[in-house]
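Here is the structure we will look at, set down as structure tokens.
The values are calculated or read from the model by the stated rules, or taken from the named source; none is laboratory data. Computed from a prediction, not measured in an experiment: that's the story for all the values here. Here Cβ is always computed from backbone atoms with ideal geometry, including for glycine, and neighbour counts include all displayed protein chains. Ligands, DNA and RNA are excluded from the accessible area calculation, which covers all protein heavy atoms including side chains. Shrake-Rupley method; radii C 1.70, N 1.55, O 1.52, S 1.80 Å.
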Amino acid sequence: MALHAAAPPCSVGRGLPSSSSPPRAGGRRSLSAVSRPRSVAFAAPLRTRAVQTKAVLSSDGAPGMSDSPHVVCFGELLIDFVPTVNGVSLAEAPAFKKAPGGAPANVAVGIARLGGSSAFIGKVGDDEFGYMLADILKQNNVNTQGLLFDAHARTALAFVTLRSDGEREFMFYRNPSADMLLEEKELELDLIRKAKIFHHGSISLITEPCKTAHIAAAKAARDAGVLVSYDPNLRLPLWSSAEDARDGILSIWETADVIKEFSGRVGGLKVTAVDTTGAGDAFVAGILSQLATDFSLFQDEVRLREALKFANVCGALTVTERGAIPALPTRQQVLDALTSVAA
């Protein structure tokens, strides 16, 4: 996997379902709002209120504290239920492992595990799963100032089938889930404006009001001169149609500075895959953690390739365990793996 500067919308065509009409720059199909009760959201109660910010590495390699997280991740935070055995259908799975997940949250935790400074903005339910996820973010030193709880919707769930080849199939429970109900007025815009990088995906573009909040958050980042990173994460079962998915994902394509896509080749680490969940998010965390401290990486191909090799190892180590967040590596684990490859 690799990163590159944002390309024109047509370049994503090979990775997305085809549409009867060509993609439009900046255009998007309007999606109707999900029928729901009036949303009531609030910040974490006392037992999960404390905000912790991961130390960034200083020039001498020692941890140093940062009041303003370098990378702010926006989107979904949910529970993945992963089968304890591979190669079976959801109905045939004898048991499931409960694992925290959600692509933007995975990236936030991944960056913190690597010694970077990150924050997460999103919404979970006012339920035990929501509190569990909030605690996990804090335990991993992710700033949760922008995390809210919704009293009328549950935390999203996803059951993930692991095929014999390690690839996944998803079944989602979110009708609606709390992450879909984040509103523009609830955004912690100062957190975004003070960041170096704003990272977001495409799942939160599917329904209102989160879609409007998503677009507003990205605009606040752009207006503040924050570098925008975009992961066009395709989950067709969540969209009303493949055409809507294509139009929605491409609608913000040109507003990003950096986009994850399969392009180019950089050597990685050979491992035995147990669960590929979170591999791409670990890769993004690996590259953004380095980019946040040195934007000049994009002007030096040699150094960029080294950074991408580091990111590739982050992804490789993640697939050796089940679940996304539980499997994300620390910086030392990545460095040790790189050393073993070089030896």
Out of residues 5 or more away from G102 or on other chains, whose amide H comes under 5 Å of its own, with H placed 1.01 Å from N in the peptide plane?
L78
Any chance you could run the full-extension gain for D294 through A216? It's 0.36 nm times the residue separation minus the Cα-Cα distance, nm to one decimal.
25.4 nm
Considering amide H positions built from the backbone, and no H for Pro or chain starts, which residues 5 or more places from L147, or on another chain, come under 5 Å of its amide H?
G122
Restrict the search to segment 71-162; then list the GluC sites (Glu not before Pro) that DSSP places in a loop and that have at most 12 other Cβ atoms within 10 Å of their Cβ.
E92
Keeping every protein chain in place, order S68, S340 by accessible area at 1.4 Å, biggest value first, i.e. largest first.
S340, S68
Along the charge dipole of segment 146-216, Cβ charges K/R +1 and D/E -1, which of V160, H214, I197 sits furthest on the positive end?
I197
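Rank-order 229-238, 132-141, 150-159, 114-123 by packing density, defined as the average count of other C-beta atoms within 10 Å over each peptide's residues, highest first. Mind dumping the intermediate values first?
On the way: 229-238: 18.3, 132-141: 19.8, 150-159: 21.4, 114-123: 28.0.
Descending mean neighbour count gives 114-123, 150-159, 132-141, 229-238.
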Non-local residues with an amide H under 5 Å from the amide H of T155, with H modelled 1.01 Å from N and Pro and chain starts lacking one, are G125, G130, A178
Table column - 3J(HN,Hα) (Hz), segment 245-255, Karplus curve with 6.51, -1.76, 1.60, x for Gly and Pro:
4, 4, 5, x, 5, 6, 4, 10, 4, 6, 8
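Fully extended, how many nm does the chain gain between D135 and E92 (0.36 nm per residue separation, minus their Cα-Cα distance)?
Difference between extended and current length: 12.3 nm.
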For D126, tell me the accessible area in Å² from a 1.4 Å probe, rounded to the nearest 10.
60
Heavy atoms of the protein only, probe of 1.4 Å, neighbouring chains included. What is the accessible area of R303 in Å², nearest 10?
80
Label points 7 Å out from Cα along the Cβ direction at A151 and V271: separation in nm?
4.3
Go through segment 99-106 residue by residue and turn each phi into a ³J(HN,Hα) via Karplus (6.51, -1.76, 1.60, θ = phi - 60°); whole Hz please, and just put x for glycine and proline.
9, x, x, x, 3, x, 5, 4
Could you tell me the extents of segment 184-244's C-alpha atoms along the three principal axes, largest first, rounded to whole Å?
36, 22, 13
What is the spin-label model distance, in nm, from L338 to E306 if the labels are put 7 Å beyond Cα along the C-beta direction?
0.8
